[in-house]
1. What number of residues in the range 1-24 are part of a loop (DSSP other than H, G, I, E, B) and closer than 14 Å to A61 by Cβ?
2. Could you list, in sequence order, the residues of the range 56-68 that are under 11 Å from L10 (Cβ atoms) and under 18 Å from the mean Cα position of the chain (by Cα)?
3. Return yes or no: is M97 open to solvent by 100 Å² or more (accessible area, probe 1.4 Å), more than 20 Å from I2 (Cα to Cα), at pLDDT below 85 and more than 21 Å from the chain's Cα centre (by Cα)?
4. Looking at (1) modelled with pLDDT under 85; (2) of a type outside the set (F, W, Y); (3) part of a helix (DSSP H, G or I); (4) under 16 Å from the mean Cα position of the chain (by Cα), which is the only condition S91 fails?
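The values are calculated or read from the model by the stated rules, or taken from the named source; none is laboratory data. In this text the structure is predicted, and so the values were computed from the model without any measurement. Neighbour counts run over all protein chains shown; Cβ positions are idealised from the backbone, glycine included. All accessible areas refer to the heavy atoms of the entire protein, side chains included, with ligands and DNA or RNA removed. Shrake-Rupley method; radii C 1.70, N 1.55, O 1.52, S 1.80 Å.
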Amino acid sequence: MIVYVDSSVLARAYLSDEAGHDEAVALLEDAGIALVTGTWSRIDEDGLLELLDADLGPGGAVTVVAAAQDDVEARALPLVRAATSSLRMTSFFATAMSPRFPIDQVPD
């Protein structure tokens, strides 16, 4: 099985006081799971970068995959804009239809 791990999972593995720490460590240590992450999953907090580099380096627990940044951003921008627009409309309708404000008493 291949599992994508983002920077939040990696941070949980290195910070023992984070919620989900034990699960993240178990995931990184499971030899039966191929872990991958993107080149953007680097963190630099309290000397953790060396630990992360070891896991992301040759022979490390996680394989780093790269994508052309321009291609990723070109495809992501329309998706983000569409999602943001949908969220705004959902928020608008949720407010307008809120039981706190009957339709004839919606504030200006």
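1. Kept after step one, since they are part of a loop (DSSP other than H, G, I, E, B), are these residues of the range 1-24: 1, 5-6, 15-20.
Checking which are closer than 14 Å to A61 by Cβ leaves us with 5.
Residues in the range 1-24 being part of a loop (DSSP other than H, G, I, E, B) and closer than 14 Å to A61 by Cβ: 1 in total.
2. Selection gives L56, V62.
3. In short, yes.
4. Of (1) modelled with pLDDT under 85; (2) of a type outside the set (F, W, Y); (3) part of a helix (DSSP H, G or I); (4) under 16 Å from the mean Cα position of the chain (by Cα), only one is false for S91: (4).
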